[in-house]
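Down below is the structure, laid out as structure tokens.
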Amino acid sequence: MTTRNIESTDAAGTVRVTWAAANARRLARQGLTAPVDGGPAAVTGAMVGAHAQVLSAAELSVALRLDGGATRESVRTALWEDGSLVKTFGPRGTVHLLPSADLPLWTGALSALPAGRNPLPQSVRMSGEETDQVVDAIADALADDDLTVDELTDEIVGRTGTWAGDRVLDAFQTKWPRWRQMTHTAAHRGALCFGPNRGRKVTYTNPHRLLPGFTPLAGPAALAGLVERHLYAYGPATPQHFAKWLATPVRWAAELFDRLAAEGRTERVEYEGGPAWVVAGDTDFPAERPAPGIRLLPYFDAFTIASQPRTRLFAGAAYERALAGGQAGNFPVLLIDGVVAGVWHQRRSGKWLDVTVEPLPGTLTAARRAELEEQVERTGEILQGTPRLTVGPVSVGAHA
């Protein structure tokens with residue numbers, strides 16, 4: 001049971017939320033205290049998207065929040081068979097797993113974000129008209145089939161012109177065709193998402209094949225909905241926190257928060273010595289910080305990326321060891337009682353899954369060793385390997 005772990009701070013009724021209470025509520029709503037009901041789509045909804053640049057990490061992120069019998073196959077079934085999940089470009093233009101049913105909200109919100117600075121040379125950039133042509137060509141080409149990048153390039157060039165296929169984008173010691181700078185834009189507009197791999201080749205498809213007739217929500221409504229979901233999962237949060245999560249200008253986020261506050265959709269609280277916001281009326285927090293025990297979170301887990309302030313989750317030595325220059329997610333982390341207490345790494349060799357865990361000094365007691373072994377066993381079940389645990393230094397560096 002939760003109680004209102006708050007106290008009045010002024011005559012207007014502003015309330016104070018402790019970091020411990022906020023962290024405990026995030027853990028619970030993230031499925032890190034108890035499993036989330038409803039399957040992989042419900043989990044990714046609770047996480048507000050699962051980062052999937054490393055798909056095996058996303059599979060682990062989602063499955064560890066489900067009941068004990070869930071494995072990576074549970075996530076793959078939701079993604080490639082029943083279609084309740086979609087793999088597409090989400091926040092920050094990075095690959096995410098999202099609930100298919102939420103595509104109208106996500107595409108409406110992401111396509112309404114302010115355009116950032118274009119780092120490409122002028123000779124490589126595409127005009128607004130060219131971008132529209134390419135997005136329309138992508139939607140048309142993928143309407144009835146899954147296509148590899150090369151196949152899609154041919155289709156786009158045939159519909160727009162050779163300029164779209166000019167190999168001018170520097171990428172991984174090669175050159176990509178010009179149109180690929182707009183891959184995430186096409187996804188944000190609802191014209192493209194990932195299809196199942198064809199052997200070792202990535203394919204793309206049109207998300208309307210998963211959700212026939214879907215239309216992106218209008219920008220203002222979609223952005224409001226995304227803010228509310230973010231605040232429900234990770235609040236209290238500030239415009240700076242939200243802007244960092246989406247990689248948008250802080251001033252723009254502050255104006256959005258002001259609008260939602262004026263509309264009565266959000267509520268101001270006192271958090272970490274300053275103002276922050278929650279969904280209006282959502283001020284119930286645990287009275288005491290629970291002890292969720294040990295969790296092994298993989299690369300780019302949503303909880304580590306979106307929870308703020310980062311200095312509290314990665315306190316003390318964890319900030320130096322488990323962050324890559326202040327960037328969360330680049331190391332898999334050991335979570336003990338809701339805070340980062342080390343790093344870990346797994347390597348597969350045949351049926352074996354070698355798991356190395358490096359706890360920070362003094363954090364892994366003898367009593368906690370059994371809990372760690374249970375989590376390693378659960379990781380092996382999810383990734384469908386036979387785990388072998390080593391407690392010691394992790395020599396692998398941060399993920400790029």
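Derivation of every value follows stated rules applied to the coordinates shown; laboratory data play no part. Quick caveat: nothing in here was measured; it's all calculated off a predicted structure. Virtual Cβ from ideal backbone geometry, glycine too; neighbours counted across all protein chains shown.
Can you give the FRET efficiency to the nearest 0.05 for residue 200 and residue 94, using r as the Cβ-Cβ distance and R₀ = 30 Å? Working shown, then result.
Working: r = 21 Å, r/R0 = 0.71.
Calculated value: 0.90.
Along region 338-348 the Karplus relation, 6.51 cos²θ - 1.76 cosθ + 1.60 evaluated at θ = phi - 60°, assigns HN-Hα couplings of x, 10, 6, 10, x, 10, 8, 8, 10, 9, 9 Hz to successive residues, with x for each Gly and Pro. Normalised by residue count, region 118-192 yields a Cα convex hull volume of 92 Å³ per residue.
For region 277-394, the relative contact order is 24 percent, taking Cα pairs closer than 8 Å that sit 6 or more residues apart in sequence and dividing their mean separation by the residue count. The GNM of the chain, with springs linking C-alpha atoms under 10 angstrom apart, assigns the highest mean-square fluctuation among 244, 87, 175 to 175. Summarising the amide proton neighbourhood of residue 95: residues at separation of 5 or more, or on other chains, whose placed amide H is nearer than 5 Å comprise 52, 53, 90.
Both radii are taken from the alpha-carbon atoms of region 70-198; with Rh as the Kirkwood radius, Rg/Rh is 0.98.
Its Cα centre serving as origin, region 217-334 has a Cβ charge dipole (Lys and Arg +1, Asp and Glu -1) of approximately 360 debye. Along its principal axes, region 294-391 has C-alpha extents of 38, 27, 17 angstrom, given from the largest down. If you take all other residues with their beta carbon under 13 Å from the beta carbon of residue 145, and give Lys and Arg +1 and Asp and Glu -1, the sum is -4.
For residue 168, the residues whose modelled amide H falls within less than 5 Å of its own, excluding neighbours fewer than 5 places apart on the same chain, are 176, 178. Among 345, 51, 188, the largest mean-square fluctuation in a Gaussian network model of the chain, built with springs joining Cα atoms closer than 10 Å, belongs to 345. Computed over the chain, relative contact order equals 19 percent, with contacts defined as Cα pairs under 8 Å that lie 6+ residues apart.
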